[in-house]
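What follows is calculated from the coordinates using simple rules that are stated; it is not laboratory data. In this text, all values refer to a predicted model and were calculated from it rather than measured experimentally. A quick note on method: Cβ atoms are made from the backbone with ideal geometry, for glycine too, and the neighbour counts reach across all protein chains shown.
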Amino acid sequence: MDLLLSLQSADELRIASGYSFRWLDLKNPLTGSLGCPEEKVAIEFLEVAEQLSSRNDWTLSVAIGELLEGTSAGAEDSVDTHSQFSLPLSARTLDGFDYVKVALAGSRDCKSWEARAESLSQQLRAPSKLILVHYADHHLACAVDWTTTLLTSRDLGCEYILIDTFNKNGGRLTDWLSTDESHRCATEAERFGLKLSLAGSLRIEDLRTLEKTGASILGIRGAACLEGSRVSRLCRDRLQELSSCIVNERLATELRELGLSQRRSN
C-alpha cells in the first residue's frame with residue numbers, strides 16, 4: 001500500500017518533493033471532488049516535476065472532473081456528439097501524466113456514458129492510464145453503482161479503480177464504506193485484474209485501518225493541509241507525520257519480505 005497526495009499547483013509539488021510520497025496527484029479542490037486544473041497549471045506542474053531529480057521515482061496523475069460535465073443526460077443521449085468526450089486538457093499535456101482520473105456523476109441517467117468513457121480512453125496514450133472514479137455516495141451523485149463501474153473499468157483495460165466521495169460536506173469515505181466493505185471491493189477489483197485506490201476525506205488515523213483492506217493506494221488531501229481542510233495550503237507538520245507513516249510502512253514491509261525470504265531459504 002502507498003499514499004497518493006493530491007496537490008493543486010507546482011508550488012505545492014516543490015514542497016511535497018521533500019517528503020516520501022511516491023504518487024503525486026494534481027487537481028483543483030475548489031471545483032469539486034475531481035476538479036480539473038487549468039491547462040497552464042498542469043503544464044507548470046509537469047515542468048517542475050521534470051526539473052526535480054525525483055521525477056523518475058514518482059507516479060503522477062491528474063483529475064479531469066466529471067465524465068459528463070457539459071452534457072445533459074436524457075433522450076438526447078442517442079445523439080452521436082454525446083458519445084464523444086472532449087478533453088478538458090490537451091492530449092499533449094495528459095501524455096505527461098501516468099494516470100488520468102475521471103468521475104461519473106450523472107451516469108446513472110445517461111445512456112451514453114460508457115461510450116463517452118471509451119472515447120476518453122481512446123484519446124489517451126494507453127487504456128491503462130484511465131482511472132474511473134466510483135463515488136461511495138453514488139446515489140447523491142446520480143452515478144452508476146460499484147459493480148457497473150468495476151465491469152466498465154475492466155472492459156476498458158484500466159489498471160486502477162478509485163472509490164471517493166462526491167459530497168465533501170456529507171461525510172467521509174469511512175462513513176459510507178465500512179472496513180469490511182472496502183475489503184470486499186479490493187477483493188472484487190483484484191478478481192477483475194484491477195488495483196483499488198481509496199480516498200474521501202481520509203484522516204491520518206484512518207490509514208492503519210484501511211491498509212488492511214487490500215487497497216493498493218490511499219488518497220489524501222485534507223489530511224496534509226492546514227486545519228485538515230482540502231482547500232487550504234499544505235501543512236509541513238502534517239506532511240512530515242504522513243511521510244513518517246509511509247517510511248514506517250515500507251520498513252515493515254521490507255522486514256516482512258526479508259523474514260519470508262529467510263524462512264524459504266532455511
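Key figures for this structure:
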read-out: Alpha carbon centroid spacing (whole Å) that separates the range 1-64 from the range 91-106; value: 13
read-out: Residues whose placed amide H lies under 5 Å from that of Tyr160, excluding near-sequence neighbours; value: Lys195
read-out: Peptides ranked, highest mean first, by Cβ atoms within 10 Å: ranges 61-67, 135-141, 84-90; value: 61-67, 135-141, 84-90
read-out: Crossing angle, helix 39-51 versus the chain [Cα axis fit, 0-90 degrees, rounded to tens]; value: 30
read-out: Angle in degrees between helix 236-265 and the longest Cα principal axis of the chain, rounded to the nearest 10; value: 70
read-out: Peptides ranked, highest mean first, by Cβ atoms within 10 Å: ranges 213-225, 41-53, 104-116; value: 213-225, 104-116, 41-53
read-out: C-alpha long axis of helix 179-191 to longest principal axis of the chain, angle in °; value: 70
read-out: Among [x] 20.3, 65; [y] 18.4, 67; [z] 31.1, 97, the entry derived from the coordinates for Rg and Dmax of the Cα atoms in Å; value: [y]
read-out: Inter-site label distance for Arg203 and Glu38 at 7 Å from Cα along Cβ, in nm; value: 3.5
read-out: Computed lengthening from Asp57 to Ser86, 0.36 nm per intervening residue step minus Cα-Cα distance; value: 7.4 nm
read-out: Built amide H within the under 5 Å cut-off of Cys142, gap 5+; value: Gly106
read-out: Computed [θ] at 222 nm, deg cm²/dmol, the chain (DSSP H ≥ 4; -39,500 (n - 2.57); rounded to nearest 500); value: -11500 deg cm²/dmol
read-out: FRET efficiency, Glu241 to Ala126 (Cβ-Cβ, R0 41 Å, nearest 0.05); value: 0.70
read-out: Sequence-distant residues sharing a close amide H with Arg22 (under 5 Å, placed H); value: Leu3
read-out: In nm, spacing of pseudo-spin labels at Ser232 and Glu181 (7 Å Cα→C-beta vector); value: 2.8
